Amino acid sequence: MMTDYKEIVDKIKRNYTLKQEIQEEKRINYERALYQKHNKLEQLENEKRKLKNQYTIQGDLEENQKLIDKIKNISEEKEKYAKENNIILEFTPSYNCEICKDTGKVKGAYINGVFDMRGERPCVCYKQRIYKEAYGSYNVIDSKENLNHFDMKHLDENKSLEMARIIKAVREYIIHFNEPEKTNRNICFLGITGAGKTKMCKCICRGLYEKGITSFLATFSSITNTITTNIAQKKYDDNKRLLEVLTNVDFLVIDDLGAENVTEAKTEKLLNILEEREKYNKVTAFTSNLDFDEIKKVYGERIKSRLKQNAIICNMDFADYREKNITIVK
């Protein structure tokens, strides 16, 4: 994992610039190949450019209108020729992110406390790349995880039905995310190793990403290790940024809770994160091989209460099948 934040940001910005340059080069090559094959189109385009160069804002209104009419006629002639010859005039770029068109920015930002469409803010894809490169979060951008990919052939009929119920609940969770009256709730996945808990969270992250919603998924041990390392290396600004991310990201997943060596300091960090997110009405998810009684023994009643409060709890311990593997805790 890279640790120099400025280096990471510069690298990501260069990557976006490179993507735009590649698309522009593809557009130029497409246009060049099109005009080489259809000289008529090139002639019309050259004529159109000459007329545009003659147009002046402060020029004679009547003359300018004549130029506008001529340009319009040429455009119509180009379109007619293209239709007759089954030609696509405009290059169609292929973007990694359709939201920002691979610029890393979207329209609209808060300026002096007021939302202004003239401003720009980072796109969800830009934030996710920062989370991945700087803090080791799950790579949701390149993820292919999908709720349709769950293989239930190894489960018996009853367990398959319960898994289907969980998948349905998760699908609804993604659809209605950020609707307070429906799913503005924490979600927990409990059960044995290999039951699909982390995979389920990755599916949520991917589904939310497609809606322009940020997520951060990492094991609690990796989070605490990063914080400890930053303190040892006196990278206090890095820690501050990480804690801001953990507090402000739309959907935080603390993976494999209970697998780390638990200390009082780590428990306090976890509690602080949960309390801050609760303060800002942010949703938190977690996966664990422990049940809530075991979580209480390891982390204490406060952590257990924070995790369980107003949560959707999915029990995925299919090796020890219970009558109900998903319950809604009010």
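The values are calculated or read from the model by the stated rules, or taken from the named source; none is laboratory data. Bear in mind the structure is a predicted one, so any value in this text is a computation, not a measurement. So basically every Cβ, Gly included, is an ideal-geometry build from the backbone, and we count neighbours across all protein chains shown.
Checking each residue in the stretch 28-54 for being under 44 Å from the mean Cα position of the chain (by Cα) and either assigned to a loop (DSSP other than H, G, I, E, B) or surrounded by 14 or more Cβ atoms within 10 Å (Cβ to Cβ) (or both) picks out Y30, E31, L34, Y35, H38, L41, E42, L44, E45, K48.
Here I326 meets each of (1) touching a helix residue (DSSP H, G or I) at 6+ places or on another chain (Cβ under 8 Å); (2) modelled with pLDDT of 85 or more with one exception, condition (2). Listed by first and then second residue, the pairs with beta-carbon distance under 8 Å, at least 6 apart or on different chains, first residue in the stretch 290-308 and at positive phi, second in a helix (DSSP H, G or I), are G300/T267. Taking the stretch 83-131 as the range and being among the acidic types (D, E), within 23 Å of the chain's Cα centre (by Cα) and assigned to a loop (DSSP other than H, G, I, E, B) as the test, the residues that pass are E98, D102. For K159, the requirement of being of a type in the set (K, R), part of a helix (DSSP H, G or I) and in contact with a helix residue (DSSP H, G or I) (Cβ under 7 Å, 6 or more places away or on another chain) is met. Can you tell me which residues in the stretch 81-117 are surrounded by 12 or more Cβ atoms within 10 Å (Cβ to Cβ) and acidic (D, E)? D102, D116, listed by residue number. Just need a number here: residues in the stretch 246-260 that are surrounded by 22 or more Cβ atoms within 10 Å (Cβ to Cβ) and modelled with pLDDT of 90 or more. Qualifying residue count, the stretch 246-260: 7.
Number of residues in the stretch 282-323 that are more than 31 Å from the chain's Cα centre (by Cα) and at pLDDT below 85 equals 5. Looking only at the stretch 196-218, decide whether some residue is part of a loop (DSSP other than H, G, I, E, B) and closer than 22 Å to I295 by Cβ. Yes, some residue in the stretch 196-218 is part of a loop (DSSP other than H, G, I, E, B) and closer than 22 Å to I295 by Cβ. Checking each residue in the stretch 211-236 for being over 11 Å from the mean Cα position of the chain (by Cα) and within 16 Å of V253 (Cβ to Cβ) picks out L217, A218, T219, F220, S221, S222, I223, T224, T226. Criterion applied to T224, T219, T198 was being out of contact with any strand residue (DSSP E or B) (no Cβ under 9 Å at 6 or more places or on another chain) and either without any contact (Cβ under 8 Å) to a residue 40 or more places away in the chain or farther than 25 Å from R121 by Cβ (or both), and the one residue passing it is T224.
Each residue in the stretch 174-200 was checked for being farther than 15 Å from V249 by Cα, under 19 Å from the mean Cα position of the chain (by Cα) and crowded, with 22+ Cβ neighbours inside 10 Å, and 2 of them qualify. Quick check on the stretch 144-167. Is at least one of its residues among the aromatic types (F, W, Y), modelled with pLDDT of 90 or more, surrounded by 13 or more Cβ atoms within 10 Å (Cβ to Cβ) and out of contact with any Cys (no Cβ under 7 Å at 6 or more places or on another chain)? So far as the stretch 144-167 goes, no, none of its residues is among the aromatic types (F, W, Y), modelled with pLDDT of 90 or more, surrounded by 13 or more Cβ atoms within 10 Å (Cβ to Cβ) and out of contact with any Cys (no Cβ under 7 Å at 6 or more places or on another chain).
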